[in-house]
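The values are calculated or read from the model by the stated rules, or taken from the named source; none is laboratory data. Keep in mind that this is a model prediction, so the values were computed, not measured. Note: ideal-geometry Cβ built from the backbone for every residue, glycine included; neighbour counts use all protein chains shown.
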């Protein structure tokens, strides 16, 4: 009698577990547009590709960045005074740059996202690692969302 009762109760329980497993096996949600922009930007950093980085920003029209204590008030200034020397340096090499925990806050044609980043590489031949947080401000354009301001620390 107890064995029969166990089989009777086990069947619905097994079906419920099976159904819940099937319910969670759905296609993942597509990334939020801000997260997608930040991931393309991070990929461009990993590849040291200035053109691909610029493509994710407002570029020469309106772009600012504050990194720690430094600030650049245009894409041209950031590219020429910061990125180009860094990417061409024999002392510093980026091996990986990752964006995670993107938290988007949407507006109509402006929005922002909070995020975390991690960079690994070498500095003067020694391993280099840095983690931090950032804020990216986005503006919607005819080409999609673009970064108009970055702040990382």
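Here's the yes/no breakdown for (1) touching a residue at least 24 places away in the same chain (Cβ under 8 Å); (2) farther than 10 Å from residue 34 by Cβ:
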position: 98; (1), (2): yes, yes
position: 104; (1), (2): yes, no
position: 111; (1), (2): yes, no
position: 117; (1), (2): yes, yes
position: 126; (1), (2): no, yes
position: 131; (1), (2): no, yes
position: 140; (1), (2): yes, yes
position: 148; (1), (2): yes, yes
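Among the conditions (1) assigned to a helix (DSSP H, G or I); (2) at pLDDT 95 or above; (3) over 27 Å from residue 128 (Cβ atoms), residue 5 misses just one, which is (2). Check whether at least one residue in segment 83-95 is closer than 17 Å to residue 117 by Cα and exposed (fewer than 13 other Cβ atoms within 10 Å of the Cβ), and report yes or no. There is at least one residue in segment 83-95 that is closer than 17 Å to residue 117 by Cα and exposed (fewer than 13 other Cβ atoms within 10 Å of the Cβ). The helices (runs of 4 or more DSSP H) found entirely in segment 40-153 that carry 1 or more residues being within 15 Å of the chain's Cα centre (by Cα) and at pLDDT 95 or above are 50-55. Flag set for residue 111, criterion: surrounded by 14 or more Cβ atoms within 10 Å (Cβ to Cβ), touching a helix residue (DSSP H, G or I) at 6+ places or on another chain (Cβ under 9 Å) and over 17 Å from residue 42 (Cβ atoms). Checked across segment 19-30, the condition of being at pLDDT below 95, surrounded by 12 or more Cβ atoms within 10 Å (Cβ to Cβ) and over 27 Å from residue 120 (Cβ atoms) holds for no residue.
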